[in-house]
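One structure is given below, encoded as structure tokens.
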Amino acid sequence: MLRISNVTKSFSGIFEPVLKGVNLSLAEGEFCTVIGANGSGKTTMLRIVSGEHQADSGEVIRNGDVAQVVQDVNKGTIPSMTMLENIALSGVKNPRFSFYRRHKNDVVEKVRSLNIGLEKFIDQPLSVLSGGQRQIIATLMAINSGSRILLLDEHTSALDPKMQLLLMEYTANSVRELGITTIMITHNMEDAVKYGDRLIMMNKGRIVVDMSGREKKQLTIQSLLEMFHKFEDQSLLRDGGENVG
Amino acid sequence: MSVDLVMNGLQQGLILAIITYGIMIPFRFLDFTDLTADGAYPLGGAVCAIFMSSGIHPALAIPCCMICSGCMGVCVALIHLKLRINSMLAGIILSTMAYSVNLRLMGRPNIALFECGGLFGVNILGNMTIICLLLASCVVPFAIFLRTDFGLRFRAVGLNQNLAKQRGISIDKYTIAGLFVACSLFGLAGSLIVQLQSYMDVGIGVGILIHGLASLMIGEAIIGNATLNRQLVAPLLGALVYQQVQGAALSLGLAPSDLKFFTGAIVLLVIAMKRTEAKMFG
């Protein structure tokens with residue numbers, strides 16, 4: 001469970017608050033996709049949930065540890081460590097004074113389940129992999145970290161379409177199977193429609209659309225795009241009016 | 001170069017290797033710029049000199065020296081972590097304070113221990129065996145530790161602190177433990193050098209950091225630091241080579257007073273070579 005109650009956030013030097021009283025409550029295992037224009041407050045909301053930023057007011061209640069995958073792959077992995085070391089580091093919740101190589105079979109199985117042949121690099125430093133492959137490993141690490149909350153910030157943006165599809169399918173299936181509460185920011189409207197139990201749209205620091213259940217299932221890319229442009233146009237008009245006023 | 005000079009160089013190189021491991025641990029595993037060597041090394045020597053002059057067995061003095069110097073490392077870590085003082089500055093402050101502590105402990109600037117005996121004799125090979133055993137008793141458990149779950153976490157602290165925090169790893173605990181281990185190695189080296197020379201001078205630590213750093217640079221320039229094994233061999237190899245280079249330079253006529261300039265020049269040369277190599281080969 002994750003609850004964000006009336007969260008506001010401002011940054012010095014920026015007149016308008018980045019978040020203006022955001023409320024969001026996710027049930028255990030719920031998968032929520034977040035869309036919105038650049039600067040709408042999506043990443044700030046995620047950083048407040050992860051604890052990286054402190055809210056000016058409001059409250060965030062988390063039912064467990066938070067794992068995160070961000071666009072910058074170097075933040076989510078250690079390139080100089082081997083793939084085994086990276087995944088073992090994330091997967092071990094109760095460390096012991098015994099060799100981490102005992103996890104090798106488990107780790108190989110997890111990587112093999114991706115079906116992209118990365119298991120042959122298990123004892124190689126992650127730096128030998130491409131950025132996209134490293135992002136896949138970063139996602140696998142976050143999902144298998146035992147955290148009950150997963151935050152994904154455009155985690156497929158650096159990948160080619162084939163890899164994007166593969167990673168999204170892996171992410172959606174894994175979080176459903178493990179019952180991880182997930183918030184995923186994306187600019188890909190197709191992913192926003194296709195994946196997740198719930199969709200929210202942010203605009204100017206507020207949640208302006210929140211849909212789930214049948215409403216979300218019936219959503220099409222076309223209708224989502226129309227909604228997106230409608231809110232963008234409204235905010236442009238409002239800004240223009242405010243400026244004129 | 002005579003055989004004696006080479007053997008003496010190897011003997012000194014083994015002790016320098018202990019210091020170099022102490023320098024490598026915070027630098028390479030914790031991303032912590034630690035300058036405590038100049039204070040923790042003579043502290044180990046001072047404690048050893050007092051113990052030996054009081055008639056305590058030199059073998060018993062060694063763990064006490066390691067604990068005293070290790071505690072100094074803990075103080076540096078706490079000053080950095082709790083008072084938010086830059087790690088380099090914390091090391092410099094504590095090293096400066098240690099100078100007075102050493103003088104106070106010794107009661108005078110130097111102590112001759114020729115009558116007190118020690119672990120070492122006139123047989124260089126025997127001495128080297130003792131140093132090798134002590135070195136191995138520290139490095140082998142550390143190498144095993146690095147391959148455990150806790151060791152993996154220890155390495156992660158220096159390589160990606162944000163990720164380590166996300167995974168619930170306590171940066172403070174690992175930094176404190178790492179500094180304790182590193183500084184206890186300085187204490188061990190200090191006690192060994194005092195027993196080897198049968199003499200302790202309050203100024204033995206001046207410039208020791210740069211000798212260790214030069215050794216680490218040379219070791220990493222020779223075999224690199226891409227893998228854990230290479231990282232663990234580099235300090236030993238570097239210290240042995242550095243000590244031989246220094247011996248060769250002295251036998252070729254370099255004045256002992258120019259030694260520190262020579263060491264600094266080696267460090268700069270190795271850094272420049274690494275940068276040039278990185279530029280040329282990406």
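Restrict the check to region B:172-191 and report whether at least one residue is without any contact (Cβ under 8 Å) to a residue 24 or more places away in the chain and buried (at least 23 other Cβ atoms within 10 Å of the Cβ). Within region B:172-191, none of the residues are without any contact (Cβ under 8 Å) to a residue 24 or more places away in the chain and buried (at least 23 other Cβ atoms within 10 Å of the Cβ). Of the residues making up region B:145-158, those that are within 8 Å of chain A (Cβ to nearest Cβ) and farther than 15 Å from A:L84 by Cβ are B:F145, B:F150.
Given the structure, is A:K104 within 13 Å of another protein chain (Cβ to nearest Cβ), surrounded by fewer than 21 Cβ atoms within 10 Å (Cβ to Cβ) and touching a residue at least 40 places away in the same chain (Cβ under 8 Å)? Taking the combined requirement at face value, the residue does not satisfy it. What do you reckon, is B:I144 of a type in the set (V, I, T) and in a helix (DSSP H, G or I)? Yes, satisfied. Scan region B:43-60 and give yes if some residue there is in contact (Cβ under 8 Å) with a residue 60 or more places away in the chain and touching a Pro at 6+ places or on another chain (Cβ under 6 Å), otherwise no. Yes, region B:43-60 contains a residue that is in contact (Cβ under 8 Å) with a residue 60 or more places away in the chain and touching a Pro at 6+ places or on another chain (Cβ under 6 Å).
Table: residues versus (1) under 30 Å from A:M141 (Cβ atoms); (2) open to solvent by 60 Å² or more (accessible area, probe 1.4 Å); (3) within 14 Å of chain A (Cβ to nearest Cβ); (4) of a type in the set (S, T, N, Q).
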{"position": "B:P109", "(1), (2), (3), (4)": "no, yes, no, no"}
{"position": "B:C116", "(1), (2), (3), (4)": "no, no, no, no"}
{"position": "B:S137", "(1), (2), (3), (4)": "no, yes, no, yes"}
{"position": "B:F142", "(1), (2), (3), (4)": "yes, no, yes, no"}
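Identify, from the list B:G121, B:G158, B:G168, the residue that is open to solvent by 40 Å² or more (accessible area, probe 1.4 Å) and under 30 Å from B:A98 (Cα atoms). Going through B:G121, B:G158, B:G168 in turn, the sole match is B:G121.
Within region A:65-94, the residues that satisfy the criterion of being assigned to a loop (DSSP other than H, G, I, E, B) and open to solvent by 30 Å² or more (accessible area, probe 1.4 Å) are A:D65, A:V70, A:Q71, A:D72, A:P79, A:S80, A:K93, A:N94. Quickly run through region B:81-107 and pick out the residues that are surrounded by fewer than 11 Cβ atoms within 10 Å (Cβ to Cβ) and under 23 Å from the mean Cα position of the chain (by Cα). Of everything in region B:81-107, just one residue is surrounded by fewer than 11 Cβ atoms within 10 Å (Cβ to Cβ) and under 23 Å from the mean Cα position of the chain (by Cα), namely B:S100. The residues in region A:6-54 that are in a strand (DSSP E or B), polar (S, T, N, Q) and open to solvent by 30 Å² or more (accessible area, probe 1.4 Å) can be counted, and the count is 4. Any chance you could count how many residues in region B:250-264 are within 18 Å of B:V206 (Cβ to Cβ) and open to solvent by less than 60 Å² (accessible area, probe 1.4 Å)? Total meeting the criteria: 5. Of A:L225, A:L167, all but one fail to be open to solvent by less than 20 Å² (accessible area, probe 1.4 Å) and either part of a strand (DSSP E or B) or out of contact with any Pro (no Cβ under 8 Å at 6 or more places or on another chain) (or both); the exception is A:L167.
The values are calculated or read from the model by the stated rules, or taken from the named source; none is laboratory data. These numbers were taken from a predicted model, which means no experiment stands behind them. When we count neighbours, we look across all protein chains shown, and the Cβ atoms used for this are built from the backbone with ideal geometry, even at glycine. For the accessible areas, the whole protein counts, side chains as well, though only heavy atoms, and no ligand, DNA or RNA atoms are used. Shrake-Rupley method; radii C 1.70, N 1.55, O 1.52, S 1.80 Å.
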